[in-house]
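S.K.: My questions all concern the structure below.
Every number here is computed from the coordinates shown, using simple stated rules; none is lab data. Just so it is clear, the model here is predicted, and its values are computed rather than measured. Here Cβ is always computed from backbone atoms with ideal geometry, including for glycine, and neighbour counts include all displayed protein chains.
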Amino acid sequence: MPAEPTSLLVQPHFLQSPECGVTGAAMLAGLATGIYASPAEAVAAHVGRERIFEPDSRRHAFYQDKARRHRQLYPALSGLLRRT
């Protein structure tokens, strides 16, 4: 099942930089060396939002039902998967 960000009840943010790990390391280095006075200042300097997804409560309910069914099925099926 593909990721469906609008099924969440929070606002996920997609960042402009695909190199989140490197960006985080750069921010931590800047904090450690005193380039940035606070984490908020480091974030302001490095992080830009590409887009924000608005929550959709109908999709959330749909995926919650799918997750509930998965939790019910998994215990019954997990034994079959271990035998292969």
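S.K.: Extension gain S17-E54, at 0.36 nm per residue separation less the Cα-Cα distance, in nm? Provide the component values of the computation, followed by the final result.
M.R.: Numbers: separation 37, 0.36 × 37 = 13.32 nm, distance 2.04 nm.
Extending this stretch completely gives an extra 11.3 nm.
S.K.: Additional query: How much net charge surrounds L73 when only the other residues with a Cβ under 13 Å from the Cβ of L73 are counted, with Lys and Arg +1 and Asp and Glu -1?
M.R.: Surrounding charge for L73 is +3.
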